[in-house]
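Step one of this worksheet: look at the structure below.
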Amino acid sequence: MSTAVMVRSGRERFAGTVCNQCKHRKKSCNKVLPSCSRCDRLLIKCSYSGAMESHCYPFPPVIDVISGVDIPLSDYPLTAQQSSMVYKLEHRVPCIDDQVSMQASRLLSAISRKRGHAGDFMHTYFRTFHKTLPIINKEVFRLKIENSTSDSHFSTLLLSMFLITQLTPQVNPDPLSNFGEQELYPTVKSIYSLLQSTGKVSMELVQAGVLVACYEHCQALHQDAWLSIGACVRMGHLMGLHTVLRKMLPIEQDERNMLEMKRCLWWGIVVIERVINAEYEDNRLPLASEGPASEDYLPRTSSDADTYYRVKDDFLLPDDVVPGPDGWQHTKPRDFTVVGTFGTAVQAAFLASNVTRHVFDTNRDLDMRAADARRLDIALQSFVGSCIPPPGQSHGGYCGAFAMRTCFSLYLLRHEMEVASQLGDASELYRLTIAMQSAVRTIIYVLVEGMAGMPMDLNTLAFWSHHMIYLTATFHIKFGIRDERYAADLEAMIDYLRYFAPRYKLYSNDVRRLELSKHDPPTVYEARAGSYSPPIQE
């Protein structure tokens, strides 16, 4: 039965019945064409039975996508449904969305013919990357898949998900084929860039951009990753993602899910930009996204959680935890782990932002910056307890937050060692050297004991957490104690990174650098007389 189309004004058209999505969910529908207000608000595909033909075409076997095609995509002819789509496009003026939809459809169809069902790589994505970077709402994503239709932005998101899962052995069992780097990545990046050039932004396009930036970071394409995540920040600003951080979630479930998805997406951008920025920590490149601030709402631990937590400013600089006449006071017990995996990562990004600000802020007097350094070090040390939940109280893996905290703690120690050396403060330099050696030994102990314990799926860990091992190995070479365990500990860290080297060029480069420097002499900071001056950036 055809759906009647009613024109109520010169600008709006209405269908004669509710859309399929509202009908299925038993929700009210204002029947606006081409998309009702509810579907438009939830960013899901709106369709009417028998309504006029849409410019968004059905997925061919795109929903049957899986992974790892390692042959030229041009070898595959179009299916009958795709051929019909080409005919329609050739007989009207093609737009960029049409071109992108066709290119994405051809690519996804080729992948599906080679490997099988889309559910496999989607399952891998949500089991691995999604756990530590939940920027995609699974319920909204499932609804779009169930609709079996796609626009160019959602197609690009699917391709980006497939691209990032190339970093796992489940989807990419043969990393030597270089399919992801040589064929898939250039195609996905060109599609993404083409859509950006239209000036149209959407949640799917921003999500795709974050995944592309993550992939570029993992492949040591640092400048590309920096530009990609910066573009995501600007698109997020245009969509107002940064404005939802202090909004309470509404009562209506669909609206709650939408606002929470926006909040998680923005926090994901903030976290990833700081992960990427760590590669530029000597270059003072300004961040495009605003760092976490006190009173910002953290992500919820689950979709049905009714308790909301905020970023803790006092957790960073607790005024009651300062050295007094009786020595260092003990910090109070913290229950921070109740905010869950992603919330802890956001709080770690808060700490990282303050470390960066401290290192690059040279306008304070020496006494003030020394006091700030001590308080910041206390916050970094006390934060460890937030990343290691008590038995039975863990809401997920805290490796991403722990790694970010540890990397920036090492950055802070190294910076303070340089300052103490320039100031000629021998006692402070000695204390910082001992602190650096202690931090390095702690990470080595955690790694060695962890690898010797129960088997773990390393692919479920936050992809940026492995950089902590490289940084620890670097400082182990520079400042570690050259005892009988030195060589074995260094080799254990290199072996750990070797697991990721075939699929991550970032860690392949790290392994190569460690192999070249493993026999270097230790670095010795000498106390030099004179006033402190910030190091000159080259």
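Could you tell me whether ILE481 is over 23 Å from GLY397 (Cβ atoms), touching a Lys or Arg at 6+ places or on another chain (Cβ under 9 Å) and not in a helix (DSSP H, G or I)? Taking the combined requirement at face value, the residue satisfies it.
Of the helices (runs of 4 or more DSSP H) lying entirely inside the range 125-178, those carrying at least 3 residues that are aliphatic (A, V, I, L, M) are 138-147, 152-164. Cβ-Cβ contacts under 6 Å between residues 6 or more apart (or on different chains), taken from a first residue in the range 427-448 that is in contact (Cβ under 8 Å) with a residue 24 or more places away in the chain and over 10 Å from LEU413 (Cβ atoms) to a second residue that is among the β-branched types (Val, Ile, Thr) and assigned to a helix (DSSP H, G or I), are listed as ILE443/THR472.
Scanning the range 215-238 for residues that are buried (at least 23 other Cβ atoms within 10 Å of the Cβ) and within 18 Å of ASN137 (Cβ to Cβ) yields CYS232, GLY236. Among the residues of the range 518-532, at least one is surrounded by fewer than 15 Cβ atoms within 10 Å (Cβ to Cβ), polar (S, T, N, Q), out of contact with any Asp or Glu (no Cβ under 7 Å at 6 or more places or on another chain) and touching a residue at least 60 places away in the same chain (Cβ under 8 Å). The single condition among (1) more than 19 Å from PRO299 (Cα to Cα); (2) surrounded by 18 or more Cβ atoms within 10 Å (Cβ to Cβ) that LEU241 does not meet is (1).
Which of the residues belonging to the range 258-293 are modelled with pLDDT under 80 and either surrounded by 12 or more Cβ atoms within 10 Å (Cβ to Cβ) or among the polar types (S, T, N, Q) (or both)?
First pass over the range 258-293, keeping only residues modelled with pLDDT under 80: 279-285.
Matches in the range 258-293: GLU279, TYR280, GLU281, ASN283, LEU285.
Checked against (1) closer than 13 Å to PHE479 by Cβ; (2) at pLDDT 90 or above, SER421 meets all criteria but (2).
The values are calculated or read from the model by the stated rules, or taken from the named source; none is laboratory data. Note that this is a predicted model, so its numbers are computed, not measured. Because the Cβ atoms are built from the backbone with ideal geometry, glycine has one as well, and the counts that use them run over all protein chains shown.
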